[in-house]
Amino acid sequence: MTRKVYQVGAKKTTRKPKTLGFAAFPHIPISSSKSTLGYSAIEGEPAKNKLNWLNVMPNYKQLMKLFTNIQIVRSPKHRLATFGDSKISYFLVTDVPSHLDRAKVRTGLVTAEKPAIITPQTLKEQFLGFSPEAERYADWLISHYGEALRGLEYQFKNELAETRIELMTPELLLKKLAREIDDQGGHQSVLIRGSEKFWELSVMKFIVEETLSSFAANLQELHERGFFERGNRGGDKDLGRRHREVRTLLEKARANAQLVPEVGKKLKEYGLFDQYQDAFFSLINR
C-alpha cells in the first residue's frame, strides 16, 4: 500500500491509510473481523463489549460522553452507493488545548467500498474446522434464522490529507467551512465537530452513522434486483450462479477495461442488464 506524506504545520508526517470494516444485518447485532466497533443495523446502539479499541482507553461512561458530543454538522447529500465505491471528503474541527481562540482542522478522504453481500449460504461457509456431521447444525441454523442472516459488509478506508491550525474559534471555523463547502457544491463532503484527543473516533462515528442511514436503501435495492435470490427460486436453478459470475466479471473489468464488452455480452445473455446497468455504465464512463 502506497504511503503518502502530508504537511502538518512545519513537520512532515508519513501516514498509512487506515481501514475500518464491519457488517450490517437487518435484525441482529453485527461484528467484524477487521474492526472492534460493533453496531446494530436497526437500532444503531453501540455494543458495550466491543468498544475496547483505543490504546489509551477511558472508561465506558467517559467514552460514551465523548461519542455523544461529536457533532455531524453537515452531512453528505447522497447516501452510500449500492453498486460502486463512494468517496467522501471530510473536514474535522477540534479545539486547540490551552488556546481558546484557535481551532484545528483536519481534512481527508473516506472511501466506502461497494458493500459485499452476506447471505445465509456465505455465512455457512464460515464454519471451518467442524466435522462433516456438524454441517447439519449449520443447515439448521440457517433455516432457523432465515432472513435475519441476510446483510451487507462495509469496508472503509481513511486517508488523512492535511492538518492545520486556524486563528479563530472552532465555532467560527465551522461556519466558515460550511459556507465554503456550500459555495463549492460539496455534495459528498461532511463537516464534523469532534474531540482533539480522540479525533479518529469522530471520523468513525460519521462512518457508522452514514452506514446506518444507507443500509436500508442499499439492502432494498439489492433485494429488488435479485441479489439475494437463491438458485432454486423463480424457476431458474442457475440464477444464483449467473449473479456470481456477473459480479466476478465486473470486478475483473474494473481492473481490465478490455473485459467491458464481455460484461455487456454476458448481461444480455443472462437477461440481467437492467439489474446491473449502473455498474456496467460506470465501467464505460471511467
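Since every read-out is calculated from the coordinates, none of them should be taken as a lab result. As the structure is a computational prediction, the values presented were derived from the model and not from experiment.
Set the bar at 21 Å for Cα to Cα. Now go through LYS65/LYS114; LYS87/LYS197; LYS104/LYS175; LYS77/LYS205 and name every pair that lies beyond it. Where the Cα-Cα span goes over 21 Å, the pairs concerned are LYS65/LYS114; LYS87/LYS197. In the range 239-284, Cα pairs under 8 Å separated by at least six residues give a relative contact order of 37 percent. Per-residue extension of 0.36 nm, minus the Cα-Cα distance of LYS252 and GLU196, leaves a gain of 16.0 nm for this segment. The length gained on full extension between ARG136 and ALA161, counted as 0.36 nm times the residue separation minus their Cα-Cα distance, comes to 4.0 nm.
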